[in-house]
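Notes follow once the structure below has been shown.
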Amino acid sequence: MIRLRDVSLKPAGVGQPVLHGMTLTIPQGEFRWLLGPSGAGKSSLLKLLTLGAKPASGQMDILNTPVTGASRSTLRNLRRRIGFVPQDYRLIGEWNVFDNVALPLRLRGRSERDIRQEVFAVLDWLDVAPHAHSRPTTLSGGEQQRVAIARALIGRPDILLADEPTNALEDSQARRLLATFQELIDLGTTVIVATHNEGLVRDAPAPSIMLRDGTLDPHANEAIA
Amino acid sequence: MSRRVSPGLRSGSLPLLVALMTLLAGLALAGLTGVQALADGWAQAARSAATIEIPTDIPNASDRTDALIHALKALPGVTNLQKLSTDKVQDLLAPWLGQPTDARKGLPGLSLPTVLIVAHTPDANLGSTVHDTLPEAIVQEDMQWGQRLEHLGTSLVGCAWLAVVLIAAIAVLSIGITVRRSVAAQKRAVEIVHSLGAGDFTISSHIAGRAALLSFMGGVAGLVLLTPLTTSLATTLAPFTHQATVPSTFPTTLDGWWTTLRILPLSLLKELGALPVIAALLGWITAQGVVLVWLRRLP
């Protein structure tokens, strides 16, 4: 479960908070679209939820763990339970695709044999297995995005966050990805997908979090607060 | 397949830096050993010598001098006694009094004292024996010089240690700067790994392990660079260690290396051998500290 109570986010060196008065609850195993115009705060909210920044004020619970004042080891353990597909993919260019995707499992101390099996299974499913030993920088945007998706899915996270995960994918791949998200939700994963793609939202209707000017749009979010 | 969980350390210059630092530290340690040996030798020599001056214009000077020489020879702790000849005394005083035109007549208007040089152990009671036997004699213990030399030796040893400590400090600083630059250059990769749940210690240990390995390699390279200087020092020291033959500065066999190096004190060889390990340890500790501090900026 994700719970925010009057949370604000103010990055260092920025005068005004980029998020403010955020209060929302998302039960475990549910799906939300994260919508809003550019600059509304979608990426900032995702950064907050991936524990890439600490709230300036308010209370935030992730997977029933209070984040405010949590120790570094608690935050580290929480991060291992969150999968994230960033808009800019955030792959390590010096490592090959296999090592990038294997990282979440290695951090959990899994055996290399298991890791090899699981990594190739997910790369196969996303049609990037032939590039397992290539560097991400040699791949196309769509292939890099699929590698980033593979890395987010490989650990079977309890929370999956994705920032425009289909913008470099073909329609058929986007539909397969949404089907995968549905499978994860069925297994109890909370999934939040930020997108500008109205067609995608129309094809898969679901509750949404609408942001405007760094806060929840009061007219669009009555049901989720 | 490598088990990658964190970016490593990017640095081609670290082994070179550590090699140069090891070379400097090795030179300082060799210097330290030499200075220590020299200071000990000076102090030992100065502590065990005394000069006795006996005026020659006192009654029965010759007989009483012989009596004193006899008493001193019988004194426990006196290891050697030498009476300087008149010529020798004149030679010693020549810089102040000038050379007489006729050596047999001495300097006009001056009666030169008889001078005894006594080598003794520190516990020999020289003063009271001389006072009892010939009160007019003046005993000049070189102990005071011994103390001065001891202080000088201690200061030199202190300076040598200071050089070793400074070299270690510069090594730590160099490693710290190198690691800091490497982490900054890989900031994005470190942030990604951190965001996926890598612990601070996991990241820092990975980088520190690499820093330790590179430092160790640099340390070994530094020892190799130091070898010609070490063997050269050994061949220089050989005459002082009563070696029958002077060993080769550049031996070609393993036995030859051992023959050359064993002239050096074992403690110095041990210290030199420990340098790569110390370099690796400093590299590991410094990298851990730098990376852990850097990671504190991440949430």
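The values are calculated or read from the model by the stated rules, or taken from the named source; none is laboratory data. All figures in this text were calculated on a predicted structure; none of them were measured in a lab. Cβ: placed from backbone, ideal geometry, glycine included. Neighbour counts: every protein chain shown. The area values use the complete protein model at the heavy-atom level, side chains included, leaving out ligands, DNA and RNA. Shrake-Rupley method; radii C 1.70, N 1.55, O 1.52, S 1.80 Å.
Examine region B:174-190 for a residue that is within 30 Å of B:A67 (Cβ to Cβ), away from chain A (no Cβ under 14 Å) and either open to solvent by less than 50 Å² (accessible area, probe 1.4 Å) or at pLDDT 85 or above (or both), and state whether such a residue exists.
Step one: filter region B:174-190 for residues within 30 Å of B:A67 (Cβ to Cβ), giving none.
No, that holds for no residue.
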Leading residue by the ranking (nearest to A:S140 (Cα to Cα)) among those in region A:69-82 that are touching a strand residue (DSSP E or B) at 6+ places or on another chain (Cβ under 8 Å) and facing another protein chain (nearest Cβ under 9 Å): A:I82
Matching residues, region B:191-202, being open to solvent by 10 Å² or more (accessible area, probe 1.4 Å) and facing chain A (nearest Cβ under 7 Å): B:S195, B:L196, B:D200
Those residues of region A:10-21 which are open to solvent by less than 60 Å² (accessible area, probe 1.4 Å) and assigned to a strand (DSSP E or B), in sequence order: A:L19, A:G21
Residue in region A:140-153 that is hydroxyl-bearing (S, T, Y), open to solvent by 10 Å² or more (accessible area, probe 1.4 Å) and part of a helix (DSSP H, G or I) present: no
Tally of residues being crowded, with 16+ Cβ neighbours inside 10 Å and closer than 19 Å to A:V67 by Cα across region A:22-43: 5
Single residue of A:N64, A:N100 found to be more than 7 Å from chain B (Cβ to nearest Cβ), open to solvent by less than 20 Å² (accessible area, probe 1.4 Å) and not aromatic (F, W, Y): A:N100
Single condition A:I92 does not satisfy, out of (1) more than 8 Å from chain B (Cβ to nearest Cβ); (2) not in a helix (DSSP H, G or I): (1)
Matching entry among A:R106, A:R113 (being at pLDDT below 95, within 12 Å of chain B (Cβ to nearest Cβ), touching a helix residue (DSSP H, G or I) at 6+ places or on another chain (Cβ under 8 Å) and in a helix (DSSP H, G or I)): A:R106
Candidate set from region B:18-71 (those that are charged (D, E, K, R) and assigned to a helix (DSSP H, G or I)); member that is surrounded by the most Cβ atoms within 10 Å (Cβ to Cβ): B:R47
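May I ask you to verify whether B:L264 is open to solvent by less than 10 Å² (accessible area, probe 1.4 Å) and outside any helix (DSSP H, G or I)?
Values: open to solvent by less than 10 Å² (accessible area, probe 1.4 Å): yes; outside any helix (DSSP H, G or I): yes.
In short, yes.
Considering only region A:159-171, how many residues are open to solvent by 60 Å² or more (accessible area, probe 1.4 Å) and free of Cβ contacts under 8 Å to residues at least 40 places away in the same chain?
Step one: filter region A:159-171 for residues open to solvent by 60 Å² or more (accessible area, probe 1.4 Å), giving A:167, A:170-171.
Then keep just the ones that are free of Cβ contacts under 8 Å to residues at least 40 places away in the same chain; that gives A:170-171.
Of the residues in region A:159-171, 2 are open to solvent by 60 Å² or more (accessible area, probe 1.4 Å) and free of Cβ contacts under 8 Å to residues at least 40 places away in the same chain.
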Members of region B:279-299 that are in a helix (DSSP H, G or I), open to solvent by 60 Å² or more (accessible area, probe 1.4 Å) and out of contact with any helix residue (DSSP H, G or I) (no Cβ under 6 Å at 6 or more places or on another chain): B:L281, B:I285, B:V293
